[in-house]
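Data first, discussion second: the structure below is written as structure tokens.
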Amino acid sequence: MHIRYGYSLDLEQPDASVVTAILDVHPAQRGDITQPEEIMARSLSEGRSVGVKAIDQDENGNLLRRYEVLPGGLRIEGEGVIFNSGFADSGRPVGAPKPTADLPIDVVPFLLPSRNCPEGELTERAWSLFRHVPAGGDQVMAICDYVNRKLQLASSGLMPSRTAGEALQEGTASMDDFAHVAIAFCRALDIPARYCRGYMLGPEGGANLCGHSFCAWLEVFLDDGWWTADALAMDARIGRILVARGADAADAPLLSGSP
């Protein structure tokens, strides 16, 4: 099957700046693109096209585009078509966690604290809730089920700087928060976990659960590979299109700017 994906984002600001956008399909899936992405950037104040200053790649493999934004703001639009097998992801991680000493060197950082998943914040609760669950895939599923039941998805108004502990305490959450809380619990149990952002079809290929927004989920490292897990969309899904990965959402902002 082929999936058409796309976005349209407006960045309004009074002063000129340079903006970095992480919106391209991740290199891990770019080989499946069947219709090249058409990406356009336009000044909101003058209506003229804005060229890309640079295209780069960060340490997580995410593709970065840098734009010079004129006073008034910027509109970025993109669209493409990607091939998908039509089979749902497993919906259930399988395997056991490896001892830290045996982990690949590039996996170890995903055991470490990060901005949205700080050190020790949920460690005590993780061991209290999940220490009796068989280590590995069963623990990950128990974590996702717990997070899914404890958090209620909010449409807007939440600070992106919130930590996993703050989100769990408040009970209302963004899509990122669902991923962050699950990631923090996994790391507390010595399961490497990383944040993912991208597109996702709804159940049985239907409407996107995330509405008009990008979705967020996590990946966990068990045995010798990464497995998809999702504390918001618990059932297996078709058509996840990866855009960005990182320790948490701070590693993969849609847009970030500097004067």
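The values are calculated or read from the model by the stated rules, or taken from the named source; none is laboratory data. No experiment lies behind these values; they were computed from the predicted model shown. Backbone-built Cβ (ideal geometry, glycine too); neighbour counts: all protein chains shown. These accessible areas exclude ligands, DNA and RNA; they are computed on the full protein's heavy atoms, side chains included. Shrake-Rupley method; radii C 1.70, N 1.55, O 1.52, S 1.80 Å.
Points to keep in mind about this one:
- Within the range 64-75, the residues that satisfy the criterion of being open to solvent by 20 Å² or more (accessible area, probe 1.4 Å) and at pLDDT below 90 are E68, L70, P71, G72.
- Within the range 122-179, the set of residues being over 24 Å from G198 (Cα atoms) and aliphatic (A, V, I, L, M) comprises L122, A126, L129, V133, A135.
- Selection count, the range 43-63, where residues are at pLDDT below 90, buried (at least 17 other Cβ atoms within 10 Å of the Cβ) and either among the charged types (D, E, K, R) or not in a loop (DSSP other than H, G, I, E, B) (or both): 1
- Qualifying positions in the range 76-122 - under 24 Å from A167 (Cβ atoms), in a helix (DSSP H, G or I) and open to solvent by less than 50 Å² (accessible area, probe 1.4 Å): F110, L111
- Leading residue by the ranking (nearest to F87 (Cα to Cα)) among those in the range 1-42 that are at pLDDT 85 or above, among the aliphatic types (A, V, I, L, M) and in a loop (DSSP other than H, G, I, E, B): M1
- Considering R149, R131, the condition of being touching a Leu at 6+ places or on another chain (Cβ under 9 Å), over 15 Å from I183 (Cβ atoms) and open to solvent by 10 Å² or more (accessible area, probe 1.4 Å) is satisfied by R131 alone.
- Considering the range 152-186, and only residues there that are polar (S, T, N, Q) and surrounded by fewer than 19 Cβ atoms within 10 Å (Cβ to Cβ), the residue that is nearest to P93 (Cα to Cα) turns out to be Q152.
- Flag for Q139 being in contact with a helix residue (DSSP H, G or I) (Cβ under 7 Å, 6 or more places away or on another chain) and not in a loop (DSSP other than H, G, I, E, B): yes
- Members of the range 224-242 found to be more than 15 Å from the chain's Cα centre (by Cα) and either modelled with pLDDT of 95 or more or not charged (D, E, K, R) (or both), listed by number: G225, M234, A236, I238
- Options A164, A193; residue that is among the small types (G, A, S), modelled with pLDDT of 95 or more, under 16 Å from the mean Cα position of the chain (by Cα) and more than 23 Å from P27 (Cβ to Cβ): A164
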